[in-house]
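The structure appears below as structure tokens.
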Amino acid sequence: MGWNTLDDMDLNGKRVLVRVDINVPMEDGRVTDDTRIQRIVPTLKDILKAGGKPILLAHFGRPKGKHVPEMSLRPLVEPIAAAIEAPVMFCADCRGDAARAAVGALPEGSVLLFENTRFQPGEEKNDAELAEEFAELGDVYCNDAFSAAHRAHASTEGVAQLLPSCAGRLMEAELSALESALGDPERPVVAVVGGAKVSTKLDLLSNLIEKVDVLVIGGGMANTFLAASGIDVGKSLCEHDLADTAREIAAKAVQTGCELLLPRDAVVAREFAENAPSETVKTEDVPDDAMILDAGPDSVSHILQVFERAKTVIWNGPLGAFEIAPFDAATNAAAKAAADLTRAGKLITVAGGGDTVAALNKAGAAEDFTYISTAGGAFLEWMEGKTLPGVAALKA
Ligand code: ADP
Ligand code: MG
């Protein structure tokens, strides 16, 4: 791999600046889901074990360069200390005299948490002076926040250019999972792209068509492709103005030898509501007054056949309106099949995206997937083939 890990760095007695994502959901000053805190534990423990002093740089919310007391990181001191079973000190700033004093006073075996980096106007501007100040507070920089790596900020990119840098354990896991899915995948590799709209996933589709062997298109965006091929999709969610674009993508797929899989049948209803009366029809037979809310059983078995002969599946976007039953059936069935094949050691499965992760959890399939990225925007930009500045800055 093209980046250093903690194993490549001399950490003993070193001040290690660690960029983490602890942007956890909070209610009344209490953490309601500590997943993000749990995920940085291996990195912090490994640094402590190697004799390093972890100094945490992190953002919380969108304070836009101003000091917003409700977005302080102070309430996270206790939850982090409990998770890593070590003392956590807090500094109410992340630069200047207070930050220098806190770093100087940090005892071995303890962690220092700085206040929200986004309280600094220079953070999101990737201000050189701020990056310089961060760099002076550490000897080594470790980025463990893949989910923030698509932004070139002072704490994700600027500082990485100024210190010996490496990926933390979570970043390492994320990068190697993503590499194994799209960088140098075991083939055949299948991408499943669903969700509501083609317009939000154009870059994604163009990139995948060049990299994968089969592209399964599902969800609302499949309607745009069906309509572009002359099929009447009734009242379905459909971006008719993107018909030309959909045809271009289909033509490009032929050129690159990527097989495009569109739904053959669909579950349709007259209203978008839980347990709305529904029927299964061939995609060419969608009634004028109905809308497609899920892929039908024939489409699902087609997808399962593709999974059977695949080695790698990368997935973003549900196949239907999974939030409301029974329109979660196709997503559930495909997710379960992918999970079973993964458990049997026959398939590598990588998925990401806010709604996708929710859908896979709902299907009870997430546990068995090889890797589920919780990185949201960064995962999508990576799937789109874009360079993530926070990752590029770590290149050894
Ligand atoms: P992600 O957040 O994983 O990137 P998206 O936000 O692109 O996924 O898509 C998820 C949304 O797509 C869900 O809210 C789902 O209800 C919607 N969706 C999927 N299929 C359809 C459909 N046929 N009609 C309307 N909405 C759909
Ligand atoms: Mg979404």
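The values are calculated or read from the model by the stated rules, or taken from the named source; none is laboratory data. No experiment lies behind these values; they were computed from the predicted model shown. Note: ideal-geometry Cβ built from the backbone for every residue, glycine included; neighbour counts use all protein chains shown. The accessibility values were calculated without ligands, DNA or RNA, using every heavy atom of the protein model including side chains. Shrake-Rupley method; radii C 1.70, N 1.55, O 1.52, S 1.80 Å.
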Query raised in the report: Of all residues in the stretch 369-380, how many are buried (at least 19 other Cβ atoms within 10 Å of the Cβ), within 16 Å of ligand 2 (Cβ to nearest atom) and either among the charged types (D, E, K, R) or in a loop (DSSP other than H, G, I, E, B) (or both)?
Result: 1
Query raised in the report: Which one of 106, 130, 113, 182 is open to solvent by 10 Å² or more (accessible area, probe 1.4 Å) and hydrophobic (A, V, I, L, M, F, W, C)?
Result: 182
Query raised in the report: Would you call residue 392 surrounded by fewer than 24 Cβ atoms within 10 Å (Cβ to Cβ), of a type in the set (A, V, I, L, M, F, W, C) and out of contact with any Asp or Glu (no Cβ under 7 Å at 6 or more places or on another chain)?
Result: yes
Report summary line: Restricted to the stretch 318-368 and to residues being of a type in the set (Gly, Ala, Ser), under 15 Å from the mean Cα position of the chain (by Cα) and not in a helix (DSSP H, G or I), the residue nearest to ligand 1 (Cβ to nearest atom) is 353
Report task. Scan the stretch 203-223 for residues that are within 12 Å of ligand 1 (Cβ to nearest atom) and either open to solvent by 10 Å² or more (accessible area, probe 1.4 Å) or touching a residue at least 60 places away in the same chain (Cβ under 8 Å) (or both) and jot them down. Result -> 204, 218, 219, 220, 221, 222, 223
**Report entry** Candidate set from the stretch 285-336 (those that are among the β-branched types (Val, Ile, Thr) and within 16 Å of ligand 2 (Cβ to nearest atom)); member that is most open to solvent (accessible area, probe 1.4 Å)
**Finding:** 324
Query raised in the report: Which of the residues belonging to the stretch 109-124 are out of contact with any His (no Cβ under 8 Å at 6 or more places or on another chain) and touching a residue at least 60 places away in the same chain (Cβ under 8 Å)?
Result: 109, 111
Report summary line: Conditions (1) within 16 Å of ligand 2 (Cβ to nearest atom); (2) modelled with pLDDT under 95; (3) not aromatic (Phe, Trp, Tyr) -> residue 184 fails only (1)
